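Okay, structure first, notes after.
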Number of protein chains: 2
Amino acid sequence: MSVVSGNLRAGLPGLGQSDSEWFDGLVQTPNARIERILSHGQVTPQGQWCDQAEDEFVVLIEGAAQLQIEGESQPRQLAAGDWLLLPAHCRHRVVWTDPNQPSLWLALHLRT
Amino acid sequence: MSVVSGNLRAGLPGLGQSDSEWFDGLVQTPNARIERILSHGQVTPQGQWCDQAEDEFVVLIEGAAQLQIEGESQPRQLAAGDWLLLPAHCRHRVVWTDPNQPSLWLALHLRT
């Protein structure tokens, strides 16, 4: 495996260029899949939960978002630099991302 | 495993508060160890190489640094947002970090 590299902000679509969230896989190792995600206003569709078989470490690199974790009374407010480790099968929904600025996430899906 | 969370910039030591690089483990999963590192001017000691048994995905969140990879003719210049996947046993050295601003790294050590 050689050294792969890039910049988290390189080649991002401009605001309004994509109607849906934008996903970009960066690297894959035997135990991890790393991607960046750009949101600008998108949320998890009403009534849906994200329920993943892998642990997910996610960092909001820039922007602003709200993440609802099942069983918690209120969404968590996320600002630049905020990170969470979501254990496998921890159901969660993105209930808000700022429509006025891009929100850039770095997400690591970690085999359990 | 419950949801663990934090902010990458929370509780960082101030410039000059630490003579050495500052390491802070964030989370550990069965296949990953995630930490943040703060440098301000420190480098890998002369003549030493970092040689790790695990893959390392590293992102420079902010700051500026130069990373030498063994066998490459010149150090790589790193700016905010730059990331690399360093395969296990890819020998590397940090040859420069900006002494005038903090350089904040997010490092993921991934079991191979």
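Read the figures in this text as sums done on the coordinates, not as results from a lab. The structure presented is a predicted model; accordingly, all values stated were derived computationally and were not measured. Cβ coordinates were reconstructed from backbone atoms using ideal geometry, including for glycine residues, and neighbour counts include every protein chain displayed.
For the range A:71-78, the Karplus equation 6.51 cos²θ - 1.76 cosθ + 1.60, evaluated at θ = phi - 60°, returns couplings of x, 8, 6, 9, x, 7, 7, 10 Hz by residue, with Gly and Pro reported as x.
Each label point was placed 7 Å from the Cα along the Cα-to-Cβ direction; for B:ALA80 and A:ALA79 their separation is 1.5 nm.
The dipole here belongs to the protein assembly as shown: it is taken about the Cα centre, uses +1 on the Cβ of Lys and Arg and -1 on the Cβ of Asp and Glu, and is about 60 debye. Each residue of the range B:93-107 is assigned a 3J(HN,Hα), and the resulting list reads 9, 7, 9, 7, 10, 4, x, 9, 8, x, 10, 10, 10, 10, 10 Hz, derived from the Karplus form 6.51 cos²θ - 1.76 cosθ + 1.60 (θ = phi - 60°), x at Gly and Pro.
For the rotational copy pair B/A, the chain B residue whose Cβ lies nearest the symmetry axis, together with its distance in Å, is B:ASN31, 2. May I ask you to list the trypsin sites (Lys or Arg not before Pro) in the range B:1-95 that are in a DSSP loop and have at most 16 other Cβ atoms within 10 Å of their Cβ? Those that pass, being in a loop and sparsely packed, are B:ARG9, B:ARG91. Size estimate for the range B:31-110 follows the Kirkwood approach: the inverse of mean 1/r over distinct Cα pairs works out to 12.6 Å. Taking chymotrypsin sites (Phe, Trp or Tyr not before Pro) across the range A:4-89, the ones in a DSSP loop with at most 15 further Cβ atoms lying within 10 angstrom of their Cβ are A:TRP49.
Taking the centroid of alpha carbons for each part, the range B:55-112 and the range A:46-112 are 26 Å apart. Here's how it looks for A:LEU26: its modeled amide H is under 5 Å from those of A:ILE34, A:GLU35, A:ARG36, which are all 5 or more places away or on a different chain.
For the range B:59-112, the list of GluC sites (Glu not before Pro) that fall in a loop by DSSP and count at most 10 other C-beta atoms within 10 angstrom is empty.
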